[in-house]
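Let me begin by presenting the structure, written as structure tokens, before commenting on it.
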Amino acid sequence: MTTVTLASPDDFDGFRTAARSLIAGGIGPETVSWRVAGDAGDLLGGGDAGAGGAELRVPKAFPDLARRVICHSDPERFALLHAALVALQARPKLLEDSADPLVRRLDMLAKAVGRDVHKMRAFVRFREVPDDTGERFAAWFEPEHHIVRLNAGFFTRRFTTMRFSILTPELCMHWDGEAVAFSPGAVKADVPGDDPLEATWKTYYASIFNPARLKINAMTSEMPKKYWKNLPEAALIPDLIAGAAKRTRTMIDDGGLPKPASLDGGPGPQALAGIDALRADAATCQRCPLWAPATQTVFGEGPADAVLMFVGEQPGDQEDLAGRSFVGPAGQVFDAALAAAGIDRARAYVTNAVKHFKFEPRGKRRIHAKPGAGEITACRWWLDAERAALKPRVIVALGATAARGVTGRVVTISRERGRAIVQPDGSELWITVHPSYLLRIEDPAAAAAERAAFIADLRAVAARVTALS
């Protein structure tokens, strides 16, 4: 029996190196014992697979599959991947055979890891912690599998400007704004119980809870009870459910149930209360330095049952003074294009990826300055909250900054333009240029062509909204 000891439960590089050596030496999966350093059993091992080995032939999909499978908590995962590697040398198309028992098993493990990754992204709740060096946040999460390192990139991209730690029983990650580091596991008591932001979040959650749309099974399926103990809003759920019937009767007595949304699953007027609460909170937002020189927060506006959401870059000079989105020169281009495309702006929700005006003062003028990645990330908290409240079926990102605000990643407009990109929440994202881009084109012919292309994009969006309605 050959024993292979890996450095950590998710040591993909160590597994790959060892597997190459094992296969090069003709050592089959049935004669290998896989262990992880620190586990009690690793002291009982015998030989060492060593380093190096053969270059293995695997399909492109296998490395991604293996990176997920290796994060599963099943102790058999290493042996299964080893067996798959051996089989792939003789059957290069093995992964295409979904009926193969080994392929099915690997797919199940990968999907379980994927679900755990999604739950961590959805249910991590940061709390502010005292720190002499400035604002810092911490969160507690208990994953089922070894997914902390796998998820690190997501959290550092999403909260680039925040200094934070995510503590788990097995492994903790720490982000200082420049680099990520890991440390051994912690205990829940290492994270504070609550903070002022948590009270705001609870108020917001309660305001968007719609008793007339209560579906307990669906809610507990999406938010399993095992995560409730670490979710501040979960403390409200029993009372909200208990009072749902009474609140629904009150709504009927007061004039009927909320006006049905345009589409099933829409938020209805309860979302408006959520948006109003968010707008009030955003008025005092200081999540990034842009609040200081700006006149005011420019929040989104539109009906609570809007199926269509437009996301721009940031307010301009006139929007900053007026406190409304798209009222300046770019807004006039936007309105004209909407009219040409047959879209009623009054039925859409219009907002920006960044809610404060960023500019460079030049004498008495304020010259537009492009928001940075940190500012986009800081403001994404508000954009995500707007999306959660409204649940639009179609989102149009106007420009690269807007697309980054929605997706959390750098987007190339020319590559993504003209097609629907389905988001994790089921909405469709369409990406086009920002109206201000059309104003900067000096050549009249080129400007006319680009404006026609912009209107064509909006017409495609209008057709899609009609199809979904």
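Data for the structure
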item	result
Heavy-atom surface of the range 2-118, accessible at 1.4 Å and reported per residue (Å²)	51 Å²
Carbon and sulfur %, accessible surface of the range 91-200 computed with the full protein complex present, 1.4 Å	55 percent
Derived scalar couplings ³J(HN,Hα) [the range 303-310; Karplus, 6.51 cos²θ - 1.76 cosθ + 1.60; whole Hz; x for Gly, Pro]	x, 5, 9, 4, 7, 10, 10, 9
Virtual paramagnetic centre 7 Å along Cα→Cβ of L321, amide N under 19 Å, in the range 351-381	356-369
Net length gained if the chain between T466 and T412 were fully extended (0.36 nm per residue, minus Cα distance)	16.7 nm
Solvent-accessible area per residue, Å², over the range 275-468 with all protein chains present [probe radius 1.4 Å]	43 Å²
Percent carbon-and-sulfur accessible area, the range 275-468, ignoring ligands, DNA and RNA, probe 1.4 Å	54 percent
Accessible solvent surface per residue of the range 124-190, calculated while the other protein chains remain in place, 1.4 angstrom probe, Å²	48 Å²
Part-to-part distance (alpha-carbon centres) for the range 360-426 and the range 105-142, which is given in Å	23 Å
Length added when fully stretched, F182-S98, from 0.36 nm per residue minus Cα-Cα	26.6 nm
Student exercise, the range 2-118 dipole from Lys, Arg, Asp, Glu Cβ charges, in Debye to nearest 20	360 debye
Among A189, G134, I147 the positive-end extreme of the charge dipole of the range 124-190 (Cβ point charges)	I147
DSSP-defined antiparallel bridges as percent of all bridges, the range 124-190, nearest 5	75 percent
Candidate aspartates and glutamates - alpha carbon under 14 Å from K188, same-chain residues fewer than 8 apart omitted	E142, E170
Antiparallel DSSP beta bridges within the range 275-468, as percent of all bridges there, nearest 5	35 percent
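The values are calculated or read from the model by the stated rules, or taken from the named source; none is laboratory data. Every value quoted in this text rests on a predicted model; they were computed, and no experiment measured them. Cβ: placed from backbone, ideal geometry, glycine included. Neighbour counts: every protein chain shown. These area figures cover heavy atoms from the full protein model, side chains too; ligands, DNA and RNA do not enter into them. Shrake-Rupley method; radii C 1.70, N 1.55, O 1.52, S 1.80 Å.
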